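K.L.:
Pasting in a structure now, in structure tokens, and then I'll have a few things to ask.
The values are calculated or read from the model by the stated rules, or taken from the named source; none is laboratory data. Small disclaimer: the values here were computed from a predicted structure and weren't measured. Neighbour counts run over all protein chains shown; Cβ positions are idealised from the backbone, glycine included. Each accessible area value is taken on the protein alone, full model and side chains, heavy atoms only, with ligands, DNA and RNA left out. Shrake-Rupley method; radii C 1.70, N 1.55, O 1.52, S 1.80 Å.
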Amino acid sequence: MIGSKITSANKYSALVCPVDFVKIDENRVRGVAFFVVLLALAYIVSGSAIVIVLLLADFALRAFNFNTYSPLALVSGFGVRQAGLTPNPVDRAPKRFAAFMGIVFLSAILVLSLAGFVLSAKIIAAVLVLFASLESFLGFCAGCYVYTFLGRIKNRN
């Protein structure tokens, strides 16, 4: 991430979001989040670690700027084009940060699942569903809140 942007006037409640001045279509991002919801729910119902491995690979592609190879981004882009939605440009950096956080969540889910802690893995998957649902259905990205929180922890040390 190149920089940060403060999104509120009050320094104690201000959100600090990563910025890189590269624009992406929010409609496509929300579509990807919708598919994340569906796949994470599929994991919760089936318990299949394969679903988590596929999600983890897709999150890694998007986090490391290989969106053109991300199956979820490709399917979402197709859906956005077919729906004729007008592009809504937003900065890419908060979405990449959220993808990195998704990698953390999915890695924890995979390790817990393979270690036999299926209930714990499914609880974390439910949190992933919550965050992806907020992004998909409400356009609310929790990434800036987590980024701000981590920045405050870092500045205390």
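K.L.:
Kindly check whether there is at least one residue in the stretch 44-64 that is in contact (Cβ under 8 Å) with a residue 24 or more places away in the chain and polar (S, T, N, Q).
P.N.:
no
K.L.:
Something else: Is at least one residue of the stretch 104-118 part of a helix (DSSP H, G or I), within 17 Å of F35 (Cβ to Cβ) and open to solvent by 20 Å² or more (accessible area, probe 1.4 Å)?
P.N.:
yes
K.L.:
On the basis of being in contact with a Lys or Arg (Cβ under 9 Å, 6 or more places away or on another chain), modelled with pLDDT of 95 or more, surrounded by fewer than 17 Cβ atoms within 10 Å (Cβ to Cβ) and not in a loop (DSSP other than H, G, I, E, B), does G79 make the cut?
P.N.:
Yes.
K.L.:
With R96, R62 as the choices, which residue is open to solvent by 20 Å² or more (accessible area, probe 1.4 Å), at pLDDT 95 or above, assigned to a helix (DSSP H, G or I) and among the charged types (D, E, K, R)?
P.N.:
Residue meeting the stated conditions: R62.
K.L.:
Determine whether K154 is at pLDDT 95 or above and over 18 Å from A63 (Cβ atoms).
P.N.:
no
K.L.:
Being of a type in the set (S, T, Y), open to solvent by 60 Å² or more (accessible area, probe 1.4 Å) and at pLDDT 95 or above narrows it down to one residue among T68, T86, T7; which is it?
P.N.:
Of T68, T86, T7, the one residue that is of a type in the set (S, T, Y), open to solvent by 60 Å² or more (accessible area, probe 1.4 Å) and at pLDDT 95 or above is T86.
K.L.:
Just name the residue that is farthest from V37 (Cα to Cα) out of those in the stretch 136-145 that are open to solvent by 50 Å² or more (accessible area, probe 1.4 Å) and part of a helix (DSSP H, G or I).
P.N.:
Among those that are open to solvent by 50 Å² or more (accessible area, probe 1.4 Å) and part of a helix (DSSP H, G or I), it is Y145.
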